[in-house]
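Structure record follows, encoded as structure tokens.
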Amino acid sequence: MTDIWTTATAGAAAGLGVAMPVGAVGVLLIQEAMRDRRSAVAAAAAVAVVDLAYAAVATALGPLVASALSDVEAWVRLVSAVVLAVIAVRGLLASRRPAAVQPLPDGAPAASSTRVFTRFAALTLINPTTALYFAALTTAQGATLSGGAAGAVFVGAVFVASFAWQQLLVGVSGLAGARISDGARVWTFRVGYGLVAVYAVKVALPLP
């Protein structure tokens, strides 16, 4: 039982380790929550599901994942950077229209949860850093995760920790978005998309 709790704790720490640093996807999640908390819940779930998937693959194939990604990592990063740059430019242009960043009024049609889930899952999937992070962690754990039960506990704990953090981020951001002024909200979105643009450059370098 002690070994299971140790593995669960390691998985939870790994999940929080990948979820808590607010990168480009985190910024976009915050902005989604400030506009529509319901769709942001789906977005947060998508991020946690991808974290679970990467953790599961890395637990099963650890060193192979790291080896496979090392050959194409630079190109995957470049694709990710281009996608983030496009999102940043579109967001900055949209922020010139105050209505584009206002919270959706009650009863207003929201974006499909399925579409939002798919969009955030794709954005998280094209980040090779997450896969390499879990590959490095699971390789370091070695024989500790070799058993099926231990691996399942580790992956499950990763998902629970990541999901809890993403939903907390959504809840706090949703409350903040409902309370700040219209002008402050516009500038929050502009700064956020500016950060996404900075992340795009950071992800792209060094070029392949």
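Were the residues from LYS202 through VAL72 laid out at 0.36 nm apart, the gain over their Cα-Cα distance would be 45.1 nm.
A simple rule links phi to the HN-Hα coupling: the Karplus curve 6.51 cos²θ - 1.76 cosθ + 1.60 with θ = phi - 60°, which for segment 169-180 gives 4, 5, x, 5, 5, x, 5, 5, x, 7, 10, 7 Hz, with x for Gly and Pro. Computed extension length for MET20-LEU93: 23.5 nm, one decimal, from 0.36 nm per residue of separation with the Cα-Cα distance subtracted.
In this view, the solvent-accessible surface of THR2, computed with a 1.4 Å probe and all protein chains in place, comes to about 100 Å². For segment 1-40 and segment 162-206, what is the separation of their C-alpha centers, rounded to whole Å? Using only Cα atoms to place each centre, the spacing works out to 15 Å.
Residue ranges 74-80, 154-160, 200-206 sort as 154-160, 74-80, 200-206 when ordered by packing (mean number of other C-beta atoms within 10 Å per residue, highest first).
The values are calculated or read from the model by the stated rules, or taken from the named source; none is laboratory data. Predicted model only: the values in this text are computed from it and were never measured. Methodologically, a virtual Cβ is constructed for each residue, glycine included, from the backbone with ideal geometry; neighbour enumeration extends over all protein chains shown. For accessibility, only protein heavy atoms count, side chains too; no ligands or nucleic acids. Shrake-Rupley method; radii C 1.70, N 1.55, O 1.52, S 1.80 Å.
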